[in-house]
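Let me begin by presenting the structure, written as structure tokens, before commenting on it.
The values are calculated or read from the model by the stated rules, or taken from the named source; none is laboratory data. Computed from a predicted structure; not experimentally measured. Please note: Cβ atoms are built from the backbone with ideal geometry, for glycine as well, and neighbour counts cover all protein chains shown. Accessible surface areas use protein heavy atoms only, side chains included; no ligands, DNA or RNA. Shrake-Rupley method; radii C 1.70, N 1.55, O 1.52, S 1.80 Å.
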Amino acid sequence: MEKKRLFSGIQPSGKITLGNYLGSISNWIGLQDEFDCLFSVVDLHAITVPQVAKELRENTLLLLAQYLACGIDPQKSTVFIQSHVPAHAELSWVLNTMTYMGELSRMTQYKDKSKKSSDNLNAGLFTYPVLMAADILLYNTDLVPIGADQKQHLELARDLAIRFNGRYSDTFTVPEGYFPPIAARVMSLQEPTKKMSKSDSNENGFISLLDTEDVIVKKIKRAVTDSEGVVRYSTEQPGIKNLLEIYSKMTSESIEDIVARYEGRGYGDFKADTAEVVAQGLRPIREKAEELLKDKAYLDEVYRDGAQRANSMAGKMLRKVFKKVGFIPRSI
Ligand code: TRP
């Protein structure tokens, strides 16, 4: 039986965090044998917020290096940079003409973002979910590993697939979400009721995959907790709950076992050990990423090869779509 196709991507908009790692990339590693995977560095998405060109270039290569350092294997999976496959922007245009304004205005992420960046309410931010639908639909994707914040966007991709198939003829696979058995939603270390974010203005709120060990230790020691003084897994103690989830994900040890070990002990030991576990776990990834970043020729080879494979798949789909829409076939 053919393997199911799986697609996911992360924006190269700044340094990725422990949240991206535990919530996304670490779950992708084990999927590479079971599924036919594509992992993209979605730079077209990143420019929906202002970027400095030089930094975007650096962040794109850095994210690619981090994918590889975390264990994404370019022999098994197609790893590519979104802007290297023009079909993403092209399909996105066609899908734009089939998406209703109302659908996009209902997107909660757009509503949140537009509140925060009212000085740069560009059309790209509004049609962002259409580009994401194009990413997914170009490859006949069956499964999309996503967090809860992307569910609404995936729903749009499904609706657009169904709409196009209905208006023309069967063309796109209708994708489904893929949710890892143990979903980790890593929260801010400073405001543990909010998701950990790389764009947090308070650097102590997040751990970057590039943070050195002493920075990690410092940030976890400063993590906001509560005055209960008991290491327990409870929604009433969001700070401790978050640290327990981080600890458990990093070590694959059950939360119950961890809680049992800290019975009758204060937060000091627990925080110090959590910091140790995170620092030790991230060290090989940081070292590997740094090593890869020095080998530009290798990174170049990886993204060129990925672009070739992705272009060949996406090009086929785009030709089909253009034909159905009524465009005269082109020679390039
Ligand atoms: N919008 C996603 C995010 O911000 C990133 C993304 C872009 C994506 N295209 C995708 C995720 C396709 C999954 C599939 O997290």
Let me make sure I get this right: for the stretch 97-196, a, b and c are the square roots of the gyration tensor eigenvalues over alpha carbons, sorted descending. Under 1.5 in a/c it's rounded, otherwise prolate if a/b > b/c, else oblate. Which is it? oblate
With the other protein chains left in place, how much accessible area per residue, in square angstrom, belongs to the chain at a 1.4 angstrom probe? 49
Rounded if a/c under 1.5, otherwise prolate or oblate - the stretch 35-106, Cα gyration tensor axes: oblate
With a 1.4 Å probe and every protein chain kept in, tell me what percent of the accessible surface of the stretch 1-94 is carbon plus sulfur. 53
Please list, in chain and number order, the residues 5+ apart from residue 51 or on another chain whose amide H is under 5 Å from its amide H, with Hs placed from the backbone. none
Within the stretch 1-88, report the GluC sites (Glu not before Pro) that DSSP leaves as loop and that have at most 16 other Cβ atoms within 10 Å. 2, 34
Using 0.36 nm times the number of residues separating residue 120 and residue 203, minus their current alpha carbon distance, what extension gain do you get? 27.5 nm
Full-extension gain in nm, residue 2 to residue 316, via 0.36 nm per residue minus C-alpha separation: 111.2 nm
Estimated vicinal HN-Hα couplings, Hz - the stretch 263-273 in sequence order (Karplus 6.51, -1.76, 1.60; Gly, Pro = x): 4, x, 10, x, 6, x, 4, 4, 5, 4, 5
Show me, for the stretch 122-127, the HN-Hα J-couplings you get by feeding each phi into the Karplus relation (A = 6.51, B = -1.76, C = 1.60, θ = phi - 60°), rounded to Hz, glycine and proline as x. 8, 5, x, 5, 6, 9
Suppose we keep just the alpha-carbon trace of the chain; what are its Rg and Dmax in angstrom? 21.0, 74
Helix 87-96 versus the longest principal axis of the chain: what is the Cα-based angle in degrees, 0 to 90, to the nearest 10? 80
Taking 0.36 nm per intervening residue step and subtracting the Cα-Cα distance, what contour gain separates residue 226 from residue 89 on full extension? 44.6 nm
Go through 312, 197 and list them by solvent-accessible area, largest first, probe radius 1.4 Å. 312, 197
Non-local residues with an amide H under 5 Å from the amide H of residue 37, with H modelled 1.01 Å from N and Pro and chain starts lacking one, are 6, 78
Determine the distance separating the Cα centre of the stretch 304-332 from the Cα centre of the stretch 53-78; give it in Å without decimals. 24
Could you state the number of Å between the C-alpha centres of the stretch 135-213 and the stretch 2-43? 10
Can you pick out the pairs among 195/249; 195/288; 241/288; 249/294 whose Cα atoms lie more than 23 Å from each other? 195/288; 241/288; 249/294
Per-peptide average of other Cβ atoms within 10 Å, ordering 131-140, 22-31, 250-259 highest first: 131-140, 22-31, 250-259
Quick query: amide H of residue 177 versus all other amide H atoms, modeled in the peptide plane; which residues come in under 5 Å with a sequence gap of 5 or more or a different chain? 144
In square angstrom, rounded to the nearest 10, how much accessible surface does residue 179 have for a 1.4 Å probe? 110
